[in-house]
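To keep things clear, I will list the structure first and then write my remarks on it.
Read-outs throughout are calculated quantities, based only on the coordinates presented, and are distinct from any laboratory measurement. Keep in mind it's a predicted model, so treat the numbers as computed, not measured. When we count neighbours, we look across all protein chains shown, and the Cβ atoms used for this are built from the backbone with ideal geometry, even at glycine.
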Amino acid sequence: METLTKNTSQEIQDTFPINGTDHVEFYVANAKQTALYYQHCFGFDLVAYKGPETGSMETVSYVLVQNKIRFIITSSVRNTHEIADHVHRHGDGVKVLALWVDDAKDAYNKAMAKGAESAFEPYTLNDEDGEVVLAGIKTYGDTVHTLVERKNYNGPFMPGFMAKTSPANGKAVGLQYIDHAVGNVELGKMNEWVKFYQDVLGFKLLITFDDKDISTKYTALMSKVVSNGNGYIKFPINEPAAGLKKSQIDEYLDFYNGAGVQHVAIATNDICTTVAELRNRGIEFLRVPDVYYEDVLDRVGTIQEDLEDLRKLNILIDRDEEGYLLQIFTKPLHDRPTLFFEIIQRRGAKSFGKGNFKALFEAIEREQAIRGTL
Ligand code: FE2
């Protein structure tokens, strides 16, 4: 079942205006090394830093940028800090999906009035480059949406950070912007979180996938995609469905100790170049069998890319009413089988690769079998 929500009226109001994704913050065990991993392997530039040297006595953060993507890599240097506890429970993962708004206090108050749970109240940070206003609301698991207002700020990231560069900068791989960020939630919780995004943040339900769309012989999952008013923010929410064996969502929930961000999809304008370079740098991807390429063009029709290039790089293809897309999924990025990235190139298609779900989930199951967690 696939349901596209129709905009029946031009007067539909955006009740919760969001300009886009401000940043994604990862809580990790070792920010220094993780930041270098994202710099060297994924081509991010180091632009700012905070830590004991800048007066942040308990936490260390590296700010990494590539085109419109901003990652913050954060650790605690004290075992009593909540970040240390977070990493102990969840492993390395995404803590914050930060939303860029024009008025953080107003957005926070609106969300709270509609039933959001506060992560932290609005506060203002100042330095010689201006001011940033921050507020936080909770979403699934221990994940937070920080609301970031930066219209009066001209510094490298936000007050408290100093500009910092690295000789490793300048090795981008063509990653452009965050296309979507997917949450895994517990059995029976998907609709609750969809309702949260609809009621509290004014998102619209874009697409529904049920276990008939996303199932293999062994495992199944259900997914709904919500999107904000301007369509720049897309959050698919997955929950496990009954299957013969343990689904990838169950495996995630088990290792992450609860709900959290499963994957961040990053867009490129040239997926073959991006993926070839990522592979050269040691990034590992899920593999679909070569047989996938034997009849894929029967399903997706004519494409601009050379099929042989896509086969060699193991890039997947899917088509919807508006065009096609190319996508590939990394293996887990950290030690636990939790967070991974999707690299996606859209050629008109606005969907999420439904035609690839089966091949993809079978690829994940092969990995699960190797880990002994299927
Ligand atoms: Fe995705």
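Data overview
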| quantity | calculated |
| --- | --- |
| Percent RCO, i.e. relative contact order, over the chain, from Cα pairs under 8 Å lying at least 6 residues apart | 16 |
| Ranked by how many other beta carbons lie within 10 Å on average, peptides 179-185, 108-114, 251-257 from highest | 179-185, 251-257, 108-114 |
| Extreme residue, positive dipole direction of region 18-163, given options G136, V28, M57 (C-beta unit charges) | V28 |
| Positive-end residue, the chain charge dipole about Cα centroid, Cβ charges, pick of A267, L99, F285 | F285 |
| Greater than 32 Å apart at Cα, pairs in K32/K110; K114/K171; K50/K195; K212/K234; K114/K164; K245/K331 | K32/K110; K114/K171; K50/K195; K114/K164 |
| Student exercise, region 175-371 dipole from Lys, Arg, Asp, Glu Cβ charges, in Debye to nearest 20 | 300 |
| 0 to 90° range, to nearest 10: angle between helix 357-371 axis and the chain longest Cα axis | 70 |
| Choice from T21, T59, T146 showing the highest fluctuation, given a GNM over the chain with Cα pairs closer than 10 Å | T59 |
| Unit charges on C-beta of K, R, D, E only; dipole of the chain, Debye | 360 |
| Whole-number percent relative contact order across region 193-326, with pairs defined as alpha carbons under 8 Å at least 6 apart | 14 |
| Angle in degrees between helix 31-42 and the longest Cα principal axis of the chain, rounded to the nearest 10 | 40 |
| Choice from P337, P240, P159 showing the highest fluctuation, given a GNM over the chain with Cα pairs closer than 10 Å | P159 |
| Relative counts (whole %) of C-alpha pair distances in the chain, using bins that are 20 Å wide | 28, 60, 11 |
| Magnitude of the charge dipole, region 18-163, Cβ model with Lys/Arg +1 and Asp/Glu -1, debye to 20 | 360 |
| D (Stokes-Einstein, µm²/s), Kirkwood Cα radius, region 175-371, 1.002 mPa s at 20 °C | 125 |
| Dipole axis of the chain (+1 Lys, Arg; -1 Asp, Glu on Cβ), positive-most option in Y37, I370, I214 | I370 |
| Cβ crowding within 10 Å averaged over residues, with 364-370, 132-138 ranked highest first | 132-138, 364-370 |
| Rounded tilt (10° steps) of 190-199 against the dominant C-alpha axis of the chain | 50 |
| Cα gyration tensor shape of region 153-194, rounded if a/c is under 1.5, else prolate or oblate by comparing a/b with b/c | prolate |
| Cα-Cα P(r), region 112-263, percent of pairs per 5 Å interval | 2, 8, 14, 16, 16, 15, 12, 9, 6, 3, 1, 0 |
| GNM top mover of S56, S227, S75 - the chain, alpha-carbon springs below 10 Å | S56 |
| Charge tally in the Cβ shell below 15 Å around V47, where Lys, Arg are +1 and Asp, Glu are -1, V47 excluded | +2 |
